[in-house]
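Working notes, beginning with the structure itself.
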Number of protein chains: 2
Amino acid sequence: MVKKLQIEIAATAGFCFGVKRAINLANKAPDKYPTLQIRTFGPIIHNPQVVNQLASIGIKQVDNINELVQGVVIIRSHGITKQLAQELAQRPNLTVIDATCPYVRRAQEIVAKMSDAGYQVLILGELDHPEVTGLISYGEPQRTLVISKPDDIPAEFFTKPNSSRIALLAQTTLSQQLYNKIVLSLLTIKGELRCFNTICTATSDRQSEALELAKRCDCMLIIGGRNSANTNRLHELCTERQPASYHIETAEDLKAKWFIGKQTIGISAGASTPKWLIDGVLKSLENL
Amino acid sequence: MVKKLQIEIAATAGFCFGVKRAINLANKAPDKYPTLQIRTFGPIIHNPQVVNQLASIGIKQVDNINELVQGVVIIRSHGITKQLAQELAQRPNLTVIDATCPYVRRAQEIVAKMSDAGYQVLILGELDHPEVTGLISYGEPQRTLVISKPDDIPAEFFTKPNSSRIALLAQTTLSQQLYNKIVLSLLTIKGELRCFNTICTATSDRQSEALELAKRCDCMLIIGGRNSANTNRLHELCTERQPASYHIETAEDLKAKWFIGKQTIGISAGASTPKWLIDGVLKSLENL
């Protein structure tokens, strides 16, 4: 008798609120603007299969702003810089659909408001992540700083008098632990520390559930784009708990040898992984 | 040969900035208002000997606001409530000298400003301490709360949406550890957490130095009023490190038996303990 593989899919696997919204906006665009050329500025989300699927219905990716002169442009879920957004808004023959995640938009507004109010703004996140590139552009360059660890906090912050004012916020996908660590290390500053918890719990909820699965399954599959930071992080975390954890983009990446002697397979997927990619993996597993 | 006692006095023992300022203001008052009756509203600081010394030069303590109709009133270093301050200011024949510690005044202003701006104000401190009684009076009663431990934070704070806004400040003599603990437990709230570190480092500096002394001395003397919260806390902390720690108000409280077999005596004193009381203890010790 051949024992059947038990498969468990995380409830939090796949599209988060912001990605779902961005893809909906993109899918509706051809009906709303049937005569116009529609483009996304950069990849709309970090998933090559979704980007390809949109290209197949005519919504192609453009990386150079000079190519965006007329038609419709969709701004990606991670957001873009203030300067680029202003430039696009000023083009008379271009319609802009802003698919920036509302949580990212809120963080951009906090940077702008705090910087205008004279605060030293600290953005906790990855310097090169597109969301952070967008966030930092909303602050005065002289008083907006990206940090990723307590050591990045300038020493002078701790010697300033009562009048010092610091505003702290985070990349929406940051871990709560790192956020807590940074806040703790800022608590001895005199003056004011204004903390905006801009972390979206979708990421931490997805991570917690995947870790629980990784604990009780023989093997973990993490589905998502190789260029997706949150998918990579999900895979990394699961590997620590369950060495038999594999990062795949599609069902084609599956290898039969992974499942030899395994009984339970856990599945999770990044915030930019569509349901149809998860379903494709499930179908392939059933045929194994 | 009789071995002499080694005595070490903490550099941070005695008057803090705010107390020194309050006593200076009181001592100058008779010269400034030679013809007027001068009173303090409540004890000007928490030290009975200083209160008695001021009484001996005619500056007596009054506890009932109805007795303050004319002359000069000195507001104590811990501050009073907004309502009492307004009432005193409105009395036509009364001159008010505000000896509220500037650090406490700053904390009062933060409560008022944050409450006016619609924040939920959290004051971390002892509910019955006169400083806290003053602080809380500057906020709207519906949205100003005194807490002393993480469990005091209302559960609803953690379920409120992004729009929730909390401002946190502390009694100026609070420990940095407790402040950190409370901030940490508030970090998962969505929305905004505005932290004002209103802790005066004089208290923690005095505590750290006294603990160092308690570690290397055979016996510790803590000089200060029995009604002084910071002196009591100093004694408590030293006792944990050095069981032979004694809280005294004046040299008269010294007992010869405490020093039998001891070689090194450490001395510290609360923020409201004058130099002349410390000197009196030193003189008595030299005569032992």
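List of remarks:
- Answer residue from the stretch B:174-185, given it is among the aliphatic types (A, V, I, L, M) and surrounded by 20 or more Cβ atoms within 10 Å (Cβ to Cβ) and is farthest from the other protein chains (Cβ to nearest Cβ) among those: B:174
- Of all residues in the stretch B:83-95, those that are touching a residue at least 24 places away in the same chain (Cβ under 8 Å) and surrounded by fewer than 16 Cβ atoms within 10 Å (Cβ to Cβ) total 2.
- Residues of the stretch B:1-55 satisfying the condition of being at pLDDT below 95, assigned to a loop (DSSP other than H, G, I, E, B) and farther than 25 Å from residue B:230 by Cβ: B:1, B:2, B:3, B:4, B:5
Yes/no matrix, rows are residues, columns are (1) within 16 Å of the chain's Cα centre (by Cα); (2) within 15 Å of residue B:114 (Cβ to Cβ); (3) part of a helix (DSSP H, G or I):
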{"site": "B:138", "(1), (2), (3)": "no, yes, no"}
{"site": "B:142", "(1), (2), (3)": "no, yes, yes"}
{"site": "B:168", "(1), (2), (3)": "no, yes, no"}
{"site": "B:177", "(1), (2), (3)": "no, no, yes"}
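- Single match in B:55, B:107, B:112 (criterion: of a type outside the set (Asp, Glu), without any contact (Cβ under 8 Å) to a residue 12 or more places away in the chain and either surrounded by 22 or more Cβ atoms within 10 Å (Cβ to Cβ) or away from chain A (no Cβ under 14 Å) (or both)): B:55
- Number of positions in the stretch B:256-274 that are touching a strand residue (DSSP E or B) at 6+ places or on another chain (Cβ under 9 Å) and either touching a residue at least 40 places away in the same chain (Cβ under 8 Å) or not hydrophobic (A, V, I, L, M, F, W, C) (or both): 11
- Qualifying residue in the stretch A:150-157 (condition: of a type in the set (D, E, K, R) and either assigned by TED's automatic domain parsing to the domain that holds residue A:42 or on the phi > 0 side of the Ramachandran plot (or both)): no
- Selection within the stretch A:189-235 - within 14 Å of another protein chain (Cβ to nearest Cβ) and either assigned to a strand (DSSP E or B) or farther than 23 Å from residue A:8 by Cα (or both): A:189, A:190, A:191, A:192, A:193, A:194, A:195, A:196, A:197, A:198, A:199, A:200
- Odd one out for residue B:132, checked against (1) buried (at least 16 other Cβ atoms within 10 Å of the Cβ); (2) within 10 Å of another protein chain (Cβ to nearest Cβ); (3) assigned to a helix (DSSP H, G or I): (2)
- Selected residue (criterion: nearest to residue B:18 (Cα to Cα)) from residues of the stretch B:166-184 that are among the small types (Gly, Ala, Ser) and at pLDDT 90 or above: B:170
- Scanning the stretch A:141-173 for residues that are more than 19 Å from residue A:229 (Cα to Cα), more than 14 Å from chain B (Cβ to nearest Cβ) and surrounded by 15 or more Cβ atoms within 10 Å (Cβ to Cβ) gives A:143, A:144, A:145, A:153.
The values are calculated or read from the model by the stated rules, or taken from the named source; none is laboratory data. The structure displayed is predicted, hence computed values, not measured ones. Heads up, the Cβs are rebuilt from the backbone with ideal geometry, glycines too, and the neighbour counts pull from every protein chain shown.
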